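The values are calculated or read from the model by the stated rules, or taken from the named source; none is laboratory data. Everything numeric in this text was worked out from a predicted model, so none of it was measured. Reconstructed Cβ throughout: ideal geometry from the backbone, glycine too, with neighbour counts over all protein chains shown. Keep in mind that these areas ignore ligands, DNA and RNA; they rest on the heavy atoms of the full protein, side chains included. Shrake-Rupley method; radii C 1.70, N 1.55, O 1.52, S 1.80 Å.
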Amino acid sequence: MSDRQTVGDILAQRGVSRRAILKYAAWLASAMALPPSASKAIAQSLAAARRQSVVWLSFQECTGCTESLTRSFSPSLEEMIFNLISLDYHETLMAVSGHAAEEARLKAMEENKGKYVVVVDGSVPLKDDGVYSANAGKTNLQTLQETAKDALAIISVGTCAAYGGIPGARPNPTGAVSVGEIIKDKPVINIPGCPPIAEAIAGTVAYLVTFGKVPDLDHLGRPKAFFGDTIHDRCYRRPFYDKGLFAKSFDDEGARNGWCLYEVGCKGPVTYNACATLKWNGGVSFPIQSGHGCIGCSEPHFWDKGSFYQPLSTAMPGMGAGIAAGAAAGVALGAGAAWLARRRQVAYSQQTSKKEGA
Amino acid sequence: METDGQATAPGSALALILVREIGQALAAFAESGEPAAIDLRGLPMSDADREELLAWLGDGEIAATLAVAGRSEIRETRFTGVWWVRHFGTDDRIAAERIEIASVPDILIADMADVTAAAARFDDELAELSIPPSMEEAEHV
């Protein structure tokens, strides 16, 4: 396949019309909270773009992040993301192994110097010279530093790569750290979650391909489009919270009536993610809809913040008392919560629109 | 084409807010020709909100189904120029859902790159057709 071919050329060869790109652009605009009217321009940009070389590195991880991207996503749209990228190295998905696999990584890095994107899932062990996780004779630290050197950007997929995650939980026997603690001279985009939502991974990659730049990030390096609101902001149980109606246990009348799970430990008020809107398993449900509180898996050190079943109002290790008290006191926002959430999204879309047009 | 317009106002607050937003966008389109779109998927809409909005906007003259990267449904509402567009994945879940205010949603329009490719393919296939000799003679008459 020629490197000069555009995404539009490649799709045309496969008998796929530009309508497919327009449909994908509509999805991308929605997922990234871009103005809906921008989808035509996005489609034109995508059609003219070259395929993005992607090198995917797997370190101290469980492969749940790859499973999230390849298993839980709408199949037709999954195919579209694989039309936008050239996945040049991924240990789990690539057909070759051993020396041939490593040669593929080095070749992609050489041919796309300064332009390829590195996706990392898993944390990096530093203790005892990083011996706890190695591949092809190199520690994860060596592989990361070598691969990131000439990359355009790094995407840390999953809470392990973004914040150390489960391997980094106390007592952190391998000295696990996040990618961002090692790579300081490149843009590092964090897409946390255990695992992250597939649309957040695909949407961020598609944004990079379309606009050739990193999307707006929050103070923890997360794309604001997916991590701009708390789960609580968008939760369908929010009206019960506003009315002070809480389940007291998992089988009481409140639980059966679908009331707010705050008092049984839901971490939704302090967890920034899109689970309440994008949902899981093909958009079927998300943990709170299935009757369990959010465990805050997309927040740093979620594993070390005390019991998943302890209410936020009982201060937890690593969480400011102000946040917990604020969550406990936030009962009075009233039925305008959904309206406020929408206003915030509109304001953000307008802001993004201005930046795109600048 | 607007029909009787006697539908009951949506009971859901979110549906009512959206109806007003659509009305403003439609008035602007009528005035200036500037199309607009409202993304529904980013909103915390319940099934009831969606049903109420759908019922109030009603059905218009055109309904189209696309088979491209999964199914898509495009329906004009009872208000000319207001379209309900739904894109599904192959598992039939909604991947994108929006209200478009336009003469025709862009996705229904054939892209000129596709038209050019189709013309070339048409020529190729025509050239490969085996035309009976009697018809070839007729062409030269």
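From (1) in contact with a helix residue (DSSP H, G or I) (Cβ under 9 Å, 6 or more places away or on another chain); (2) surrounded by fewer than 19 Cβ atoms within 10 Å (Cβ to Cβ), pick out the condition that doesn't hold for B:Ala15.
(2)
Does B:Ala15 satisfy the criteria of being under 29 Å from A:Cys275 (Cβ atoms), assigned to a helix (DSSP H, G or I), small (Gly, Ala, Ser) and in contact with an Asp or Glu (Cβ under 6 Å, 6 or more places away or on another chain)?
Judged against the criteria, B:Ala15 is a match.
Name the single residue that is farthest from B:Ala25 (Cα to Cα) among those in the stretch A:24-49 being without any contact (Cβ under 8 Å) to a residue 12 or more places away in the chain and facing chain B (nearest Cβ under 9 Å).
Among them, the one singled out is A:Ser30.
Can you name every one of the helices (runs of 4 or more DSSP H) wholly within the stretch A:213-266 that holds 2 or more residues which are within 25 Å of A:Gly158 (Cα to Cα) and in contact with a Pro (Cβ under 9 Å, 6 or more places away or on another chain)? Step through it out loud before you land on a result.
Numbers: elements: A:224-227, A:231-234, A:238-242, A:253-256.
Per the criteria, A:224-227, A:231-234.
If you go through the stretch A:288-305 one residue at a time, do you hit one that is modelled with pLDDT under 50 and more than 14 Å from chain B (Cβ to nearest Cβ)? First the steps, then the outcome.
From the stretch A:288-305, those modelled with pLDDT under 50 are none; that's our starting set.
No, the stretch A:288-305 has no match at all.
Has the stretch A:237-247 got any residue that is open to solvent by 40 Å² or more (accessible area, probe 1.4 Å), within 23 Å of A:Gly296 (Cβ to Cβ) and within 18 Å of the chain's Cα centre (by Cα)?
No - not one qualifying residue is present in the stretch A:237-247.
When only residues in the stretch A:126-163 that are part of a loop (DSSP other than H, G, I, E, B) and surrounded by fewer than 15 Cβ atoms within 10 Å (Cβ to Cβ) count, which is nearest to the chain's Cα centre (by Cα)?
A:Lys149
List the strands (runs of 3 or more DSSP E) that sit entirely inside the stretch B:32-141 and contain at least 1 residues that are hydroxyl-bearing (Ser, Thr, Tyr) and facing chain A (nearest Cβ under 8 Å).
In the stretch B:32-141, B:71-76 are the strands (runs of 3 or more DSSP E) which contain 1 or more residues that are hydroxyl-bearing (Ser, Thr, Tyr) and facing chain A (nearest Cβ under 8 Å).
I'd like to check something: does the stretch A:69-82 contain any residue that is modelled with pLDDT of 90 or more and surrounded by 15 or more Cβ atoms within 10 Å (Cβ to Cβ)?
Scanning the stretch A:69-82, I find no residue that is modelled with pLDDT of 90 or more and surrounded by 15 or more Cβ atoms within 10 Å (Cβ to Cβ), so the answer is no.
Is it the case that some residue within the stretch B:18-29 is within 11 Å of chain A (Cβ to nearest Cβ), at negative phi and in contact (Cβ under 8 Å) with a residue 40 or more places away in the chain? Talk me through it step by step, then tell me what you get.
Initial filter on the stretch B:18-29 (within 11 Å of chain A (Cβ to nearest Cβ)): B:18, B:21, B:25.
So of that shortlist, the ones also at negative phi come out as B:18, B:21, B:25.
Retained after the next criterion (residues that are in contact (Cβ under 8 Å) with a residue 40 or more places away in the chain): B:18, B:25.
Yes: one or more hits.
Please pick out the residue among B:Arg20, B:Arg98, B:Arg78, B:Arg86 that is in contact with a helix residue (DSSP H, G or I) (Cβ under 9 Å, 6 or more places away or on another chain), under 22 Å from A:Ala33 (Cβ atoms) and open to solvent by 10 Å² or more (accessible area, probe 1.4 Å).
B:Arg98
Counting just the residues of the stretch A:7-49 that are open to solvent by 20 Å² or more (accessible area, probe 1.4 Å) and in contact with a strand residue (DSSP E or B) (Cβ under 6 Å, 6 or more places away or on another chain), which one comes out nearest to A:Glu110 (Cα to Cα)?
Selected residue: A:Ala48.
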